[in-house]
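Note sheet for the following structure.
The values are calculated or read from the model by the stated rules, or taken from the named source; none is laboratory data. Note that this is a predicted model, so its numbers are computed, not measured. Every residue, glycine as well, gets a Cβ built from its backbone with ideal geometry; the counts of neighbours run over all protein chains shown.
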Amino acid sequence: MFTGLIEAVGKVAEVKTMTSGYRVRVRTALASELSPGESLAVNGVCLTVIAVDSGEVHADIGPETARVTTLGSLRHEQRVNIERSMRADGRVGGHFVQGHVDGTGVVDEIRADGDSHWLTISFDRALSPFLVRKGSIAMDGVSLTVAGLGSTVFDAMIIPFTWDHTNLSSLRVKDRVNLECDMIGKYVARAVELMEEGRLKPAAR
């Protein structure tokens with residue numbers, strides 16, 4: 001479990017094709033604080049640390065993860081958002097993020113608004129039931145608020161601190177981003193779906 005508050009921006013040192021998927025090495029200042037077996041969110045995708053060596057973290061990217069996220073197209077020296085799994089005694093400053101990406105979006109527009117920036121992201125219509133205006137969404141692992149919402153696009157405002165301390169400032173129009181919808185919203189949507197199918201009955205009052 002994560003919070004969507006990015007702790008560091010790392011750089012991809014290597015992406016190696018394996019028999020099944022990829023192995024990635026990421027340079028990050030957090031490497032010395034990680035151990036094999038720990039969970040680490042890289043651009044919002046929960047990966048397992050398999051080795052730590054000389055300021056680098058090694059992790060495997062499975063075929064399914066490569067297919068449904070942007071990690072299959074990582075490039076050498078690409079900047080990536082890094083967050084360690086949350087502590088049970090820590091504050092949840094963003095929102096509950098599982099690191100289980102629901103799909104990818106595409107950057108349609110980037111526009112400045114004073115020192116802040118607006119991002120317009122298009123997404124697959126299948127994600128529509130899980131997005132609400134003023135609700136939460138994780139984009140490349142960053143906890144954001146849905147400020148504007150259409151049928152297949154949403155707007156998010158990025159404040160200067162987030163712009164300067166994540167990789168969002170590296171985005172360009174037509175770039176793909178990882179999207180994870182709010183976990184609570186997904187459970188609510190699933191419960192409504194089951195009730196409509198008659199497979200779940202409302203609790204008796």
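Tell me which residues, restricted to the stretch 28-39, are surrounded by fewer than 17 Cβ atoms within 10 Å (Cβ to Cβ) and touching a Lys or Arg at 6+ places or on another chain (Cβ under 8 Å). Reasoning before the result, please.
Of the residues in the stretch 28-39, the ones surrounded by fewer than 17 Cβ atoms within 10 Å (Cβ to Cβ) are 29, 32-33, 35-38.
E33, E38, listed by residue number.
So which strands (runs of 3 or more DSSP E) stay within the stretch 45-123 end to end and still have 3 or more residues that are closer than 27 Å to M18 by Cα and out of contact with any His (no Cβ under 7 Å at 6 or more places or on another chain)?
Details: elements: 45-53, 56-61, 79-84, 103-113, 116-122.
Counting at least 3 such residues, we get 45-53, 56-61, 79-84, 103-113.
Please pick out the residue among D89, D115 that is out of contact with any Gly (no Cβ under 6 Å at 6 or more places or on another chain), charged (D, E, K, R) and in the same structural domain as M139 (by TED's automatic domain parsing).
On the way: D89 fails: in the same structural domain as M139 (by TED's automatic domain parsing).
Exactly one residue qualifies, and that residue is D115.
Count, please, the residues in the stretch 124-150 that happen to be in contact (Cβ under 8 Å) with a residue 40 or more places away in the chain and outside any strand (DSSP E or B).
Going residue by residue through the stretch 124-150, those that are in contact (Cβ under 8 Å) with a residue 40 or more places away in the chain are 127, 129-132, 135-144.
If we keep only those that are outside any strand (DSSP E or B) too, we end up with 127, 129-132, 135, 140-141.
The total comes to 8.
Looking for something surrounded by 16 or more Cβ atoms within 10 Å (Cβ to Cβ), free of Cβ contacts under 8 Å to residues at least 40 places away in the same chain and within 19 Å of M1 (Cα to Cα) - is there at least one such residue anywhere in the stretch 48-59?
So in the stretch 48-59, the residues surrounded by 16 or more Cβ atoms within 10 Å (Cβ to Cβ) come out as 49, 52, 56-59.
Subsequent filtering for residues that are free of Cβ contacts under 8 Å to residues at least 40 places away in the same chain retains 49, 52, 58-59.
Next, only the ones that are within 19 Å of M1 (Cα to Cα) stay: 49, 59.
Yes; the residues of the stretch 48-59 include at least one that is surrounded by 16 or more Cβ atoms within 10 Å (Cβ to Cβ), free of Cβ contacts under 8 Å to residues at least 40 places away in the same chain and within 19 Å of M1 (Cα to Cα).
Inside the stretch 69-105, can you point out the residues that are over 21 Å from V9 (Cα atoms) and modelled with pLDDT of 95 or more?
Matches in the stretch 69-105: D102, G103.
Which one is nearest to T145 (Cα to Cα) among residues in the stretch 33-59 that are among the hydroxyl-bearing types (S, T, Y) and at pLDDT 95 or above?
S39
For the stretch 85-117, how many residues are under 13 Å from the mean Cα position of the chain (by Cα) and without any contact (Cβ under 8 Å) to a residue 40 or more places away in the chain?
Residues that pass the stated criteria total 0.
If we scan the stretch 149-156, do we find a residue that is at pLDDT 95 or above, under 17 Å from W118 (Cβ atoms), surrounded by 13 or more Cβ atoms within 10 Å (Cβ to Cβ) and under 15 Å from the mean Cα position of the chain (by Cα)?
There is at least one residue in the stretch 149-156 that is at pLDDT 95 or above, under 17 Å from W118 (Cβ atoms), surrounded by 13 or more Cβ atoms within 10 Å (Cβ to Cβ) and under 15 Å from the mean Cα position of the chain (by Cα).
Among the residues of the stretch 154-202, which ones are out of contact with any Asp or Glu (no Cβ under 9 Å at 6 or more places or on another chain), in the same structural domain as L131 (by TED's automatic domain parsing) and not in a helix (DSSP H, G or I)?
F154, A156, I158, R172, D175, R176, D182
Looking at G10, G4, which one is in contact with a strand residue (DSSP E or B) (Cβ under 6 Å, 6 or more places away or on another chain) and in a strand (DSSP E or B)?
Details: G4 fails: in a strand (DSSP E or B).
G10 is the lone residue from the list that is in contact with a strand residue (DSSP E or B) (Cβ under 6 Å, 6 or more places away or on another chain) and in a strand (DSSP E or B).
Table: residues versus (1) touching an Asp or Glu at 6+ places or on another chain (Cβ under 6 Å); (2) touching a residue at least 60 places away in the same chain (Cβ under 8 Å).
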| site | (1), (2) |
| --- | --- |
| I61 | no, no |
| E64 | no, no |
| T69 | no, yes |
| R75 | no, yes |
| Q78 | no, yes |
| N81 | yes, yes |
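Does L179 qualify as being over 23 Å from M1 (Cα atoms), of a type outside the set (S, T, N, Q) and surrounded by 14 or more Cβ atoms within 10 Å (Cβ to Cβ)?
no
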